[in-house]
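The values are calculated or read from the model by the stated rules, or taken from the named source; none is laboratory data. Keep in mind that what you see is a predicted model, and the values were worked out from it rather than measured. For neighbour counting, all protein chains shown are included, and Cβ atoms are generated from backbone atoms with ideal geometry for every residue, glycine included.
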Amino acid sequence: MKELSLHLLDIAQNSLAAGARHVALGVEEADGEITLTVADDGRGMSPELLARVTDPFTTTRTTRKVGMGLPLLRLAAEQTGGTLAVESREGVGTTVTAVFHAGHIDCPPLGDLAATVALLAQGLSGETELTYMHKGPQGAFTFDTAQVRAILGPEVPLSLPEVAQWMEGYVAEGEAGLRPEAPPERGTRLDTVREGTT
Ligand SMILES: Nc1ncnc2c1ncn2[C@@H]1O[C@H](COP(=O)(O)OP(=O)(O)OP(=O)(O)O)[C@@H](O)[C@H]1O
Ligand SMILES: [Mg+2]
């Protein structure tokens, strides 16, 4: 996977498949590291499964033999010199923590976090809530589907296209606010060079 947001999407889908009522997504950028967390209160894993789960030949899927979500995340994190940790207790829940070294040439970009969060939120059942927290070097942004539902009232589903679009825009704005002083692109763009010469 080329973007960290796609890993988050994939790992969060495991939480939903495990019957979680609450899924907490975290992205933290600090000290040259990007830490992704997906924590849920789903059914959890047996110690036997947990011990094998980052190995590419482990899955409880019946449609095919190889589960790749966690092994791919582990590989991606380790390729940057980082780590993957999976904690899980049956009947309690699971927390997946991936640490990437941001400065490493193999570190994937964050990707479209707003689209990922909105996509997950709009697919939630009425009994499951999603929280998202992105901590940047100079601040944090949080999003909580329970709050969105409280504002919308019980009649309006998160899957409504207008609501999904609003959620994506809201998170995108929050993301942009985490990089307030991002400098404009430096250097001369090729197209402006060409314009100048014609
Ligand atoms: N959050 C979780 N809660 C409970 N069990 C989990 C969780 N995450 C993973 N598992 C278990 O670990 C297995 C492997 O997960 P992984 O994401 O690597 O592969 P998969 O979901 O089976 O397949 P893929 O992600 O490739 O579609 C899952 O089939 C599931 O049994
Ligand atoms: Mg999976």
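Is segment 87-95 home to any residue that is at pLDDT 95 or above and within 14 Å of ligand 2 (Cβ to nearest atom)?
yes
Return a yes/no flag: does segment 136-150 have any residue that is touching a residue at least 60 places away in the same chain (Cβ under 8 Å) and not in a helix (DSSP H, G or I). Before you say what the answer is, go through the steps one by one.
Of all residues in segment 136-150, those touching a residue at least 60 places away in the same chain (Cβ under 8 Å) come to 136-137.
Narrowing further to those that are not in a helix (DSSP H, G or I): 136-137.
Yes, the conditions are met somewhere in segment 136-150.
Taking segment 81-118, which residues are in contact with a Phe, Trp or Tyr (Cβ under 6 Å, 6 or more places away or on another chain) and either within 20 Å of residue 169 (Cα to Cα) or of a type in the set (Ser, Thr, Tyr) (or both)?
117
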